[in-house]
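The values are calculated or read from the model by the stated rules, or taken from the named source; none is laboratory data. In this text the structure is predicted, and so the values were computed from the model without any measurement. Using ideal geometry, Cβ is built from the backbone for each residue, glycine included, and neighbour counts are taken over all protein chains shown.
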Number of protein chains: 2
Amino acid sequence: MAQDLHPRSAVAVTHFADRLTDAVERKRSQLVVGLDPVVEQLPRGLRREAEAGRAEAASVFVRFCCGIVDAVAPHAVAVKPQSAFFEALGSAGVRAFEEVCAYARAADLLVIADAKRGDIGSTARAYAAAFVEPRGAEPPLADAVTLNPYLGGDSLEPFLTACRQHGAGIFCLVKTSNPGGADVQDVTLSGGGRLWEHVAGLVHDWGDDLVGDSGLSAVGAVVGATFPREVAEARSLLPQAVLLLPGIGAQGGAPADVAPAFAAGPAGALVSASRSVIYAVGNGEDDYRAAAGAEAQRLAREVWAVSGA
Amino acid sequence: MAQDLHPRSAVAVTHFADRLTDAVERKRSQLVVGLDPVVEQLPRGLRREAEAGRAEAASVFVRFCCGIVDAVAPHAVAVKPQSAFFEALGSAGVRAFEEVCAYARAADLLVIADAKRGDIGSTARAYAAAFVEPRGAEPPLADAVTLNPYLGGDSLEPFLTACRQHGAGIFCLVKTSNPGGADVQDVTLSGGGRLWEHVAGLVHDWGDDLVGDSGLSAVGAVVGATFPREVAEARSLLPQAVLLLPGIGAQGGAPADVAPAFAAGPAGALVSASRSVIYAVGNGEDDYRAAAGAEAQRLAREVWAVSGA
């Protein structure tokens, strides 16, 4: 399964989709838990502590997220920490983001940095360095990163290089889970079809020579689980891509809605849930870890059943 | 000129485009200097120091960028620190970004955080908090932020609120300066026109009720100076928007190419140059500040002449 991208290097680098496929089969799970820490939604004790200031909140975010990581690690293949919630606390928050990513990787979880970056030239190279390239002697911050395709193919190049050289993965936004995405993504093109379908074609092309032994590409796509018909269509437009499907739970999507996404195999789609898992316990309760673990287990089983694996 | 958005609050908040117009008229300049620190391109002494490690590089970035700020402050209306180059150094780099932004604001420069963020719902709110909202007792990190429009109108809402409540500005990507942008931005639509023209129309609508006393909106647009025809067309599609025009200098654009952008007045367009200013001195020289100041002055005068102000 492990495709050694650097047969002569000291450290063997495994293709992202092969690492993912291995984890999916081993854990019998396609669940990704989104880490979206928000002060107001934390369990009561932690919330009170976090309200003291930004540095305190950053420290609480680390404790909260690491608690979630411990609880969901047996049931999820990956966590998806959302950079924005950490950035809102400034550099202290970014430091917390780094700690949470490292903790999750050590806990046998893949880390998908939800950063939705997109820029050009040397700037895109800097973002690739920030998220998916080794940092000196340290490993990359994350296994994969979400990207915005608006700036086109050359803006993706440094990330494709990281896929090739460092076993990174990327997930390009294609059809997002929010209603407003239609403003841009659903405009119809002169040749027929909507913009997001055109972007899906680009994503397919970008990932076409980055397919691992698993048959899946290191270049995946984000498609909102809130649009089941589009998920099925994305599957046929992107036969080799891992589809990352957010919008399950708090946003209203259900696992059964996305069953067609698994036509590419058990690791062909990842179902992402955030708030419904990490805030599974009410604010009045203390044991948020147990509640998150139970909800992750329940959801992982439901998705596994739907996937036909 | 100053439009008080909060007539009853203790601190008067001035509309972003009014602050900008004031600065343009006062400094007789539409120059924005991009702060793109890259270790390999630093003057020799600084480079050697920065090569010691990420923390050292972050510290050098602060010193280098603050030196540039001192040198260009009389000639530029704004600096545009590029978040990616700081993020590439991890949380230490983000701390440096915060220091550079604060230093530039204290030096009478507007700060446009070049972050190209774009996300939905509570995540978009977190990004607005990170970049353009007051941070507790501290002012916002930046006066304005660049945003990616792929996720549509609802993804912009928290930023529009920040424009309204806190005098923030935003610059939406419309037509980017790189060749690959065409992959997505230049596709033709069924109703005629290209995608970026459709996005320009959206940006116009999003900013239509955020026009200040200056006649300009707090919602601006990024249009690459490398595409002069598109710049002129964007001007007519976006009569109230401040156009932020990157791509002058190292990327090949020239001030004369973008003259039509000033049809909306002297503050209707900002010309952004990065490498050609901050690395105006060769690596062998020491006085990078003087070289940057001289190039900023030269470029600002050239743009001012072209603007017809």
**Report entry** Positions within the range B:199-231 being aromatic (Phe, Trp, Tyr) and within 17 Å of residue B:184 (Cα to Cα), in sequence order
**Finding:** B:227
Requested in this report: Note down all Cβ pairs under 8 Å where the first residue falls in the range A:142-153 and is more than 7 Å from chain B (Cβ to nearest Cβ), the second is in a strand (DSSP E or B) and polar (S, T, N, Q), and they're at least six residues apart or on different chains.
Outcome: none
Query raised in the report: Does the range B:94-101 contain at least one residue that is more than 30 Å from residue A:137 (Cβ to Cβ) and among the aromatic types (Phe, Trp, Tyr)?
Result: no
Query raised in the report: Across the range A:170-190, what is the number of residues that are more than 8 Å from chain B (Cβ to nearest Cβ) and free of Cβ contacts under 8 Å to residues at least 40 places away in the same chain?
Result: 1
Query raised in the report: Hey, among the residues in the range B:154-169 that are in contact with a helix residue (DSSP H, G or I) (Cβ under 9 Å, 6 or more places away or on another chain) and more than 13 Å from chain A (Cβ to nearest Cβ), which one's surrounded by the fewest Cβ atoms within 10 Å (Cβ to Cβ)?
Result: B:161
Query - Given (1) within 13 Å of another protein chain (Cβ to nearest Cβ); (2) modelled with pLDDT of 95 or more, index of the condition residue B:211 fails - result: (1)
Query - Test set (1) touching a residue at least 12 places away in the same chain (Cβ under 8 Å); (2) surrounded by fewer than 23 Cβ atoms within 10 Å (Cβ to Cβ); (3) in a loop (DSSP other than H, G, I, E, B) - residue A:52 fails condition number - result: (1)
Requested in this report: Return a yes/no flag: does the range A:27-44 have any residue that is acidic (Asp, Glu) and away from chain B (no Cβ under 14 Å).
Outcome: no
Report task. Quick one: count up the residues across the range B:113-153 that are in a loop (DSSP other than H, G, I, E, B), among the hydrophobic types (A, V, I, L, M, F, W, C) and out of contact with any Ser or Thr (no Cβ under 7 Å at 6 or more places or on another chain). Result -> 3
Report summary line: Of the listed residues (A:208, A:186), the one being in contact with a helix residue (DSSP H, G or I) (Cβ under 8 Å, 6 or more places away or on another chain), surrounded by fewer than 22 Cβ atoms within 10 Å (Cβ to Cβ) and of a type in the set (Asp, Glu) is A:186
**Report entry** Residue in the range A:88-137 that is farthest from the other protein chains (Cβ to nearest Cβ), counting only those that are of a type in the set (Phe, Trp, Tyr) and more than 22 Å from residue A:246 (Cα to Cα)
**Finding:** A:103
Report summary line: Here the residues within the range B:252-309 that are within 19 Å of residue B:26 (Cα to Cα), crowded, with 20+ Cβ neighbours inside 10 Å and among the polar types (S, T, N, Q) are B:272, B:307
Query - In the range A:79-106, the residues that are closer than 25 Å to residue A:297 by Cβ, in a helix (DSSP H, G or I) and of a type in the set (Lys, Arg) - result: A:105
Query - Residue under evaluation residue A:216, criteria (1) free of Cβ contacts under 8 Å to residues at least 24 places away in the same chain; (2) crowded, with 23+ Cβ neighbours inside 10 Å, criterion not met - result: (1)
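Here are A:121, A:191, A:136, A:167: which of them is at pLDDT below 95 and touching a strand residue (DSSP E or B) at 6+ places or on another chain (Cβ under 9 Å)?
A:191
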Report summary line: Among helices (runs of 4 or more DSSP H) entirely inside the range B:157-222, those with 2 or more residues being under 19 Å from the mean Cα position of the chain (by Cα) are B:157-166, B:195-207
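Considering the range B:86-140 alone, what residues qualify as being among the charged types (D, E, K, R) and surrounded by fewer than 24 Cβ atoms within 10 Å (Cβ to Cβ)?
Residues satisfying the conditions are B:95, B:98, B:99, B:105, B:108, B:125, B:133, B:135, B:138.
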Requested in this report: Give B:69, B:111, B:94, B:100 a once-over and let me know the one that is of a type in the set (A, V, I, L, M, F, W, C) and in contact with a Lys or Arg (Cβ under 6 Å, 6 or more places away or on another chain).
Outcome: B:111
Query raised in the report: Does the range A:60-74 contain any residue that is outside any helix (DSSP H, G or I) and touching a residue at least 60 places away in the same chain (Cβ under 8 Å)?
Result: yes
**Report entry** helices (runs of 4 or more DSSP H) (entirely within the range A:223-309) containing at least 2 residues that are in contact (Cβ under 8 Å) with a residue 60 or more places away in the chain
**Finding:** A:275-278, A:288-307
